[in-house]
Every structure is written in C-alpha cells, then in structure tokens.
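Novice: This is the structure I have questions about; it appears just below.
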Amino acid sequence: MNTQFRAVSKWTPVHLAVLCLFLGLASAGLLSGWRSLARPGQTAPSGEASAVHLSSDRHTAVFSPSGVQFTPARGPAWQWQVLSIGTADAPLAGVEWGETTPYLAAPGLVVYPRGLLDEQYVAFPTHIEQQFVLHRPLNLNGADLVITGRVSSSGVFAAFPQGWLWHDENGRVSLGQVTVYDAHGAVLPAEMQVDAESIQFRVNSSALAAAAYPVTIDPEIGTDDFRISYSGADTDVELDAFDPAVTYNPGSDEFLVVWAGDVFPAGADDTMRIYARRIQAADGSFAGDTVMLPGATFNTTPAVAFSQTDGVYLVVFTCGNAYDRNTANLCGQRLDAAAAPAGDPFQVNTLANALHPAIAYNPISGEFLVVWAGNRNTGGTADEFEIFGQRMAADGSLLGSNFRISQMGTEGDPNYRAEHPAVAHNADTNQYLVVWSGDDDAAPLVQGEKEIFGQLLDAGGVTVGGDFRISDMGPDGATLYGAYLPDVVYNPDLAEYLVVWMADDDTAPLVEGEFEIFAQRLTAAGAEVGRHNFQVSAMGAAGDANYAAYRPRLVYNPQDARYMLVWRGGDNSGGQVRGEFEIFQQAIYGDAALGDHFRETTRMSAMGNLGDPAYLADKPVIAYSSTANNYLVVWQGENNLGSLIDGKVEIFSQQYAAAPLRCFVESSGDNVTDYSGPTAAVLQDAVNAASPGDTLKLAGDCAGVQSIGGVTQALYIDKSLDLQGGYVAPDLTAANWLAAADAASYPTTLDAQGLGRVVYVANTAMHVTIANMTLTGGRDTSSACAAYSCGGGLKVDAGAAVTLTHSMVRNNTAYYGGGIFSDGTLRIVNSTIANNVAESWDGGIYSSGSLVIENSTISGNTATSGNAGGLASVGTLTMRNSTIFGNTAAGDTGGFRQQTNAASIYNTIIANNSGLDCSLTDGGILAVNIHNLVEDGTCSPYLSGTPRLGPLADHGGDTLTHALLPVSAAIDAGNAATCPATDQRDLARDDLGCDLGAYEVRYADTDTVIKENILGSLPYSFGPTWISMTLTVPDSGAITVTKRLTYPGGTPDEGEMLATWHISSTLTAGFPVTLAFCYTDGEVTGLNEAALRAFRWNGTNWVQQGDTAPVNRCVTVAGVNAFSAWTLFDTSVGATPTAVTLSSFSATLHPRFVGWWVGLLGGGLIIALRRRQKSFGGKHW
C-alpha cells in the first residue's frame, strides 16, 4: 500500500470541498463536450432512473446508487464505491454511506446527497473531479474523519509522484493526491492510503473542528499529461513533433503553444514545419484547431512572444537546415490573437547564420527583441559563433540592423564561442538582460571551459557596460566542469533578475559529471545578490552522476511572488529508474528553493510505464496565466498512451494552479479595505502612508520583501503603529471587515519567503504593537546588525519598543537570534516562538535590552553552533508563566541563558532542552526565582523533574501550546499571587490553583459530544482519554450522548472533576448493556490494582458486581440492567465502601478512587464520573 501525506501551506479559494480526487486520462476534451442523459435536478431517462450518465469524446462516467464507473476512451475501466464514512471505530451518524441515488445538480455536476455531507463529481476537460463537501462541523468525538471506498479496475496498479494510476496497453486512469483546506485557507492535515483495491482518506479531527466551513481543495488542475500534437499515425515513428515553446496572452487568457513537426499526411522526413495551438488557461481546453504556419523549408526550434499592445504573436524559428550551421537562418511569422498567420514568413538575420533563437517583448517601446547564436557578421571564420540580436516592430519589420551582443575569446578564434541565449526585458529600466553559455579566454578561464555570461542592453539594443560572468562551475581552468542552457526572467517586485542553468559542479557532495540546476540572483544593474550560484535541483543521491537535471526553464509569478522552474530530470525516487527522464518543477523564493519549508520538487510528466526508460520527456517550457493564476508546462515526449509506441515523439502538457497569496489592509477605521494586493508590498505602502499612532488592520497572507535603507524585509517600521491581524474581508476581497479580530479562525501571516527578515523595527519607532500574526519565512543575510546578521523573524533596534501579542514567530533563520533579535524594549505576551534556527547562537530569542515574557511558549528552536537554543538574555528579563521546552543548541545550554544582568522568573517551566535547561554566566543572576520548574534542576528551581508536557499543538486560542498531561507536577504548583488571570490561550486560570507554564488545565463548563447511528454490538467510549467508561449495546439503533463537565451545587474539592453524561437511546431491544470502567496507572497509585472490583449502590448498600479482576486496566461487568451509583473499590482494604450521605445515595471513597454513577432517567441513562486528579489525603463524595 502506498501512503501519501500532504499539508500545503498555500491556498486557492475556488472550490468548496474537503477532499478531491482527479480521475483523468492523458488527453484533452472540452467541458462543453460532456453530455448528460438527464436535465439538472433529475436522474437519467426512463429505464435508467437510478443512474446519471456523463460522456465526452474522451471519457464516459456512469453514476448509480452502487457507485461510479469511469471509462476512458482508451484505457481500463475504473469503479469506485463508498464503503464507510465516519471514524476508524464507527460510522458517522447522520451520514448515508450506503447506496444513495445521485442526481444531476447542474450541467457537468453530479451529486450523491449523503446527509451531513455531499459526495459530488464535476466534469472538467481532462478529468472528472470527485469532492466530498462538508457543510458544517461533524461530531467526531475527538476522532479523525475516515472515508473508505472500494476500487476495482482491469488495469495494472502503480504509484507515481503525483498520485496513483491503473493502466493497460491502451491507456491509464490516474488518481490525484488529496489536500484539505478550510474556507479561509488554513491547511487541514490529510492522509491518503491507496492500493489496487481500496482508497482511504483520513482528516485530522482537531483541524476539522477548528476549520471554517466550507473548505477548499488541492489546486492542481489535472494529474495526468494531456497530449497537444497529433503528428500522423500513432505508430509512425517517422512523423514526430518536438522543440515546443509557449507564451501567454492575457487579453484572452490563453496560452499559445508552438512546436516543430513533420509535415503530414504527405511529406518527407526532411520537411519540417512550425505548428501552433491555443489552450484556454481557465480549464485547459483547446481553443481552436492546430495551425500549421506557412513556409516550405526545414523549420525547427521556435520561440514565441505576445504583444499586448498590438494583440499579435511573433514566432521566430530556425529555417533552412538546422543541422548545417552554415545554411541555417532565422525566420519569423506573425500570428493574430486567434493564431491565424498574419502575412508571410520573413527572414530575421541578415548578416550571419542563426541557431537557438529566443525572444522578449518590450511593452514600453511596443517592440520585440530577438536574440540567437550565429556566425560573426564581420571578419573571422564561419565557425566563430557569438550572440546576435535584432529589434523588431509588432508588424514584423526590422528595426535597425542585426547587432552583436557577446564577445567570447580572441577575435577571430573559432575555439571560443557563445551558444543558447535567453533574454528578459526589465520594464523598470527599459533594458534587457541577455544570457548565454560561453567559452571565453579571460583569465583564469581556459579554452573549453563553459560558463554562463550576461550582457545588459538598453531599449535600442546598445550594450550597457561589458559582458560579465555569472556562473562559477568547478575550479577555474578545469574543463571537466561547465554550465549550459541558461534561462532568465525579471522580477519587478524585487527589481532583479534570476538566471538559471544546468551545470556540472565540484561543490561537495557533487562530483564531476553530476549535472544539476543552479541559479543566481542579479540586480537590475547585473550585480550578484544573495547566495552565489545556489543549487536548485537534487536528482538522485548526492554524488551519483547517474542521475541528472537538464534544460531549465523559468517563469515569475507576481501574484505569489515566486519563481516556478521546470527541467528535464532523471531521478531515483517515486519508482523512476536510471535512464528514465521526466519533467520536474520547483518553486523558488529568492535564493531558496522551496523543498524543505514550503513545497517539494514535483514530477510533472508521466511518460510510459513507471520504471521504463524507453519513454522519455525532454525540452520543457513553462508559461504563467496572470488571470487564472496557473501554469502550463509543455514538453516533447514518448508515451505508450493508447496506440502510441516507443520512438514516437509528440508534444504533451500539464496544467496546474498556482496558490495565490493575498494581503489586505484597513487603515482608515471605517472597516473598508484601503490597500489590497498580491504581496506584502501593499502592507509596506500602508505603513509608509500611516501617521504615528495609527492602527492598521490586516487580513490574509502578506508575502514577499522590500529593500528599504539597505535592509531587506517583508515589513519595515519606522514609526509608532498598532498592527492588528486576525481579520477577514468577505471572500478575502474587500468591504465590511469583522468588528473584532479572530486570529484562531482567520490567521494573518507575514512571510518573507526566504528573501530577508520578516519585520524590522527601526529606532525611530517609539512603540509598535504586533498582534494576531504569524511571522515566518525570515532569512536574514544582511549586515544590518553590526558585523553579523540577526533576527530572522523580528529585529528591534535600540531605542524602539515593541509589544508582540497573540502571535507566532516560527520557521525563521538568522546567524544570531533565529526568531527574534532585540536591542530595544520588547514585551512578548500570549505568543509562541517556535522552530527557528540560528546559524550561531540564540535560536529562539536574543535580547540585550529590556525583555518581558508572559504566558508564552518558546519551543523547538535551534542554535546550530553556539548556546541558548531557546532564549538568551543579556539585558534585564521578567518572565512569568511561560514554557521553554524542547530547544537545542550545540553548546552547553539548550534552554535559557541569562548573562550579565538580572532576571526575575515566576511560575515558568524550562524542560526537555539539550544540555543545560538553564545557565547563568558573566554575572547574570536570578533576582527573583518563584515557583519555577526546571527539569534538570539547574538555576535552583522550586521543582525539578519532568513536567509531563504534550507536543506543541493547537489546544485552542490563537497560538500553539504545550498542554499539561494528567498527573503533571506543574498542575496547581504555581504561586497564585504572581499568576496572571488567564493562560496563553486566554482561558481563565483555575481558581483552585495556578498551573506552571503557559498552559492552564481547565475543564470546560459544557462540552457536548454526539454519537449516532450505532450499529450492532460495538463498544462506545465516553470520557477523558485518561479515564473512560465504555458502553456496549446489543442492538442497532441511534444513541445520542451529551457530556457536561460542571460543578453543580457548589465548588468541588481541590483538583477534582465531575463529569456527567445523559444517554438517550432508540435501541429496539433496550438494555442490558456491558459496562467497562477503565483507568491509567496514575489514577490508582497506592491501591492494590489486582483487588479492584466494581460495586453498585442498591439504595442501601454497596454490592459487588462480579469478581473479575482488571484486564488491561479495565474492570468489565456484563448484563447490566439496573443503574445507580457505581465505583471501583480496592477490596483488600475492606469488604465494601463505607456509606455516607450524598443526595439520594451515599459512599465513602478510598483516596485516589475512580467512581461512576449510572442511572436511569427519563428512559435513558445518566453516568456520572468523579475522578481524583491528585491525592491530598482522603476525600469524600
């Protein structure tokens, strides 16, 4: 069985669904081509009244009460049937999971109404999408939602990186992976298990309980490749399609794909033409037919760009014999917006032969720039290749003459050459950057050593400065290493370029012959910025040259502030074998490939059978739709789909959606959006325009960075401001914000995306409040902190004052102070600092000024080469009811380190850190040390030993916390006089005793759980996980259980809890039932466990019920049909419990007893549980 888990941190509020399957064939169809045999709201015609049919040229789907049958035109049939919907232990009440009659709700939409949720199917051009729509929260009683179904197919089952497939000799049916989102973009953890005959989804119960309804789904549009070209018969390997290129037309929201192919049905293999086809970005369907461009020669390697001003495409391509460098020329052809040829083809190069063209459009001048590799146009030999360019008007006329761009090696020496150019236009400066792979003789380079070079051009094609070297692959002077096939794109948000290339480098653990994809950021002036030549791809194991990455192509998405990169790769994961090449994609933010923190490399193509190197994918290209916010990846490949055979090359494509980020700011106090946009730049605009003391409300995800004053961050603050996150505008667009923040439901994120620090507060900011936000993705590489970098999430200058409240600082990196670095005045309240990394000291927080921490958690931070994994204080510190847990450091103190000055600490837990939990150095002292628990006993605490904390998780409130587990020594161990009124979650502290740390154990006044649709003799458990009562029923029926935690009739004894359940039943056979009373070891400390027996109060005396000793910490009594008070009693200390009076019955209970009251009330049961939380001597009930 293959198990996949995905938890994606980005979201697209488009579809209202929890789970999504993609059932698709590697082909394309039209949504309008789907045909149904029923009208919306009705089932099928007479004779098929219980079934709905949808059919297209590519697929047929039959929806009947017994399930779904999906039959592609070419490929195996595939059937699905729901088996159960509920938890792992029981089906869910109110859900019809058996046979249900479907209906056609709308054209292309079939719905199975299943009570509390709907199972529905949506027809798309290349697939059918399955959705389970949850309309409101489900009563899961703390268990995960589990949906299980049966699959049957005649195809052979296999797993691949994007999901699973069933295939035969004719084709395949693919099943896409599942991701779960709520209506406001929060990711819900989901697990999917698939084998040849079954599918199971599991969605986290806590996440569902906290979700906003309805929810959104995985944004991928289709899971399988769809074919674009059809070059003759599928079995004719003499007729092929190759060399794809793609561009985007925002006016019609269409992609245009062009490629070279053999002429068919008549024509010889040496006659090649250029073809074009439009694809709608919204749904991937074809817009019109394939167009063959005019021309009668051997045409290859097309490049294409679109003029928004004139609404025309310009396609340039090598014409003549591309395999003879001395006869190849460069031709062009204009196409109108419908891809119809406009005019005749024309020649672009006038002075030299031409290969490998690239093209860019200049919207400022309304013209194109075409570049290529060709023979020199003056002097020299015919084999001295350089890079040339030509400006072209939108009407196809040449603007000026061909001009030379590169200068490789000595003039006239054919041993030095430039090849494979790429070009990008910078609308900010109206300049171009041209890059290429070149062989130069500028020392220390030698002949035969290929590197990547660049040259800036002004709008007129005039060089700006000289050409410059970009890559540095292998040692200088070593010809075994090289860089090839570059691409370049301009990023207007950061005013910089990103250049990518394939290369063979010697940086360990890479070895000679191991090709990977590398990248380099450049300023608009061509200067290097960020990490030098950083590696993006990782094909196969490091150091294994048998797996490699080739031919990178790049696009920039301004809505997400990210680059998307594709390449041809051979990998050893996901079933791929040596020699099997597919297409991969990788998102990049700045100089950080999104593999570890955001999103892993994804395999886009699936050519042939998994593990078969006979079918290959090559020459990927990519375009981005700004309207649909999605991408189209196109490549040439060999496939065995349908009747295609090995050696037959066609053009294939995969479309997938981007995950947009949205940032909204309300600054005027009228609850109407004042700023909105795709990145954090709109927040910076709002801050720049604000007056000191203003309040700004934030909603959504504000991502990306800006460079201000030589410092790069998502947000730069230089004035007093109150920043309040946790808001939402309806549909995250505009108008009518919430009256009050609700960060738990509507989290606001500031994400630097690895490009710089998240928030910088300058010394001119007298007081800044940051509330209800998550600061993440920070990576500070600046020198703004004296001689070193600091504060990946938050940097507070000396003189500035910041209050961070109800917020999280997580997953940031810096050299010092991975999460926070403060030289000013900082107050942290009800917040979590987690999973930050310092490359040196102070993983979570460093403070040299005044620091106050209250009701906050510092967890999972790391100092990789120094001390203080959690917290380092060099200034003054006051810390109250906080938790420092699970931090690590390379030095001797993983938890908390106080240096030089004095700290005052109250009711705080410091535990489970590497090395020392607490240390004092260089005169640092604890001036106040009241009721603290330090696990290893360092810093002279009030208590030591394990505090018994759970993992960092969502326990309510706006932030993540560590819950106190039962029998924790921290419960009620605090000093009440110094205890805050609430804990980190804003829940009231227990007036019976203040707990240590940021989390207070509380039992809610009312907590209702409903269990319905009980089927058969199954156990149903109620109660806290550490003490439970199990009711086993003998018959089918429905049962509703309401649990109330309350203190009726006054205040209970210290540390005790009273829980009641009211149980009403429709069980036809009524009772008797079987009761099982269970406990944990900690609940019976001091008792003779083997002598525990169940006793029932009969109104006069306690009567033992059976003589069965505990089994697996449970005492079980069967055949119960009389109900009153029940208890477990240690029979070794007396014959029966001693009676005392309490309401209608009485009992005296042994210290640390567990007792239940089970009784009839109004035809139902009442079961009351009273549990000793801690032992303070004999207590009475």
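The values are calculated or read from the model by the stated rules, or taken from the named source; none is laboratory data. If you're wondering where the values come from, they're calculated on a predicted model, not measured in any experiment. Note that we place each Cβ from the backbone using ideal geometry, even for glycine, and neighbour counts take in every protein chain shown.
Novice: For the range 644-686, what are the residues that are among the charged types (D, E, K, R) and either under 30 Å from R227 (Cβ atoms) or at pLDDT below 80 (or both)?
Specialist: D646, K648, E650, R662, D670, D674
Novice: Consider D472 carefully, then state whether it is touching a helix residue (DSSP H, G or I) at 6+ places or on another chain (Cβ under 9 Å), assigned to a loop (DSSP other than H, G, I, E, B) and not assigned by TED's automatic domain parsing to the domain that holds D685.
Specialist: Here the answer is no, as D472 does not meet what is asked.
Novice: Can you find a residue in the range 345-352 that is surrounded by fewer than 23 Cβ atoms within 10 Å (Cβ to Cβ), of a type in the set (A, V, I, L, M) and more than 23 Å from D310 (Cβ to Cβ)?
Specialist: yes
Novice: Of all residues in the range 897-917, which are touching a Gly at 6+ places or on another chain (Cβ under 6 Å) and either assigned to a strand (DSSP E or B) or not assigned by TED's automatic domain parsing to the domain that holds G866 (or both)?
Specialist: Within the range 897-917, Q898, Q899, I909, I910, G915, D917 meet the criteria.
Novice: Step by step: first the residues of the range 402-448, then only those that are in a loop (DSSP other than H, G, I, E, B) and under 40 Å from the mean Cα position of the chain (by Cα), then the one that is surrounded by the most Cβ atoms within 10 Å (Cβ to Cβ). Which residue is that?
Specialist: Looking at the filtered set, the residue picked out is T429.
Novice: I would also like to ask the following. Kindly indicate which of S840, S856, S831 is surrounded by 24 or more Cβ atoms within 10 Å (Cβ to Cβ), over 25 Å from the mean Cα position of the chain (by Cα) and farther than 16 Å from T876 by Cβ.
Specialist: Just a single option satisfies the conditions, and that option is S856.
Novice: Could you identify the single residue in I845, I833, I910, I905 that is closer than 29 Å to A743 by Cα, in contact with a Cys (Cβ under 7 Å, 6 or more places away or on another chain) and hydrophobic (A, V, I, L, M, F, W, C)?
Specialist: Just a single option satisfies the conditions, and that option is I910.
Here is a yes/no grid of residues against (1) touching a Ser or Thr at 6+ places or on another chain (Cβ under 8 Å); (2) surrounded by fewer than 22 Cβ atoms within 10 Å (Cβ to Cβ); (3) acidic (D, E); (4) at pLDDT 80 or above:
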| residue | (1), (2), (3), (4) |
| --- | --- |
| A143 | yes, yes, no, yes |
| I147 | yes, no, no, yes |
| H167 | no, no, no, no |
| L175 | yes, no, no, no |
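Novice: Within 19 Å of Y563 (Cβ to Cβ) and of a type in the set (D, E, K, R): does that describe E449?
Specialist: For E449, the condition - within 19 Å of Y563 (Cβ to Cβ) and of a type in the set (D, E, K, R) - is not met.
Novice: Filter the strands (runs of 3 or more DSSP E) completely within the range 279-330 down to those with at least 1 residues that are at pLDDT below 90, surrounded by fewer than 21 Cβ atoms within 10 Å (Cβ to Cβ) and under 39 Å from the mean Cα position of the chain (by Cα).
Specialist: Answer list for the range 279-330: 286-292.
Novice: Here's something else I'd like to know. How many of the residues in the range 561-596 are modelled with pLDDT under 85, more than 29 Å from R779 (Cα to Cα) and among the hydrophobic types (A, V, I, L, M, F, W, C)?
Specialist: 1
Novice: Here's a follow-up. Only residues that are surrounded by 19 or more Cβ atoms within 10 Å (Cβ to Cβ) and either within 27 Å of the chain's Cα centre (by Cα) or at pLDDT 85 or above (or both): list them for the range 149-158, please.
Specialist: Scanning the range 149-158 gives G149, V151, S153.
Novice: Can you name the condition, by its number, that A800 falls short on among (1) closer than 16 Å to S882 by Cβ; (2) more than 29 Å from the chain's Cα centre (by Cα); (3) buried (at least 24 other Cβ atoms within 10 Å of the Cβ)?
Specialist: Of (1) closer than 16 Å to S882 by Cβ; (2) more than 29 Å from the chain's Cα centre (by Cα); (3) buried (at least 24 other Cβ atoms within 10 Å of the Cβ), only one is false for A800: (1).
Novice: Based on what the data block shows, is D990 crowded, with 19+ Cβ neighbours inside 10 Å, modelled with pLDDT under 80 and in the same structural domain as E935 (by TED's automatic domain parsing)?
Specialist: yes
Novice: So which of V488, V423, V462 is over 23 Å from V621 (Cβ atoms) and either out of contact with any strand residue (DSSP E or B) (no Cβ under 7 Å at 6 or more places or on another chain) or among the hydrophobic types (A, V, I, L, M, F, W, C) (or both)?
Specialist: V462
Novice: Further question on the same structure: Can you tell me how many residues in the range 687-700 are modelled with pLDDT of 85 or more and within 22 Å of G756 (Cα to Cα)?
Specialist: Of the residues in the range 687-700, 4 are modelled with pLDDT of 85 or more and within 22 Å of G756 (Cα to Cα).
Novice: Here's a check for you: in the range 491-506, which residue that is of a type in the set (D, E) and either more than 26 Å from the chain's Cα centre (by Cα) or not in a loop (DSSP other than H, G, I, E, B) (or both) is surrounded by the fewest Cβ atoms within 10 Å (Cβ to Cβ)?
Specialist: For the range 491-506, the residue satisfying everything is D506.
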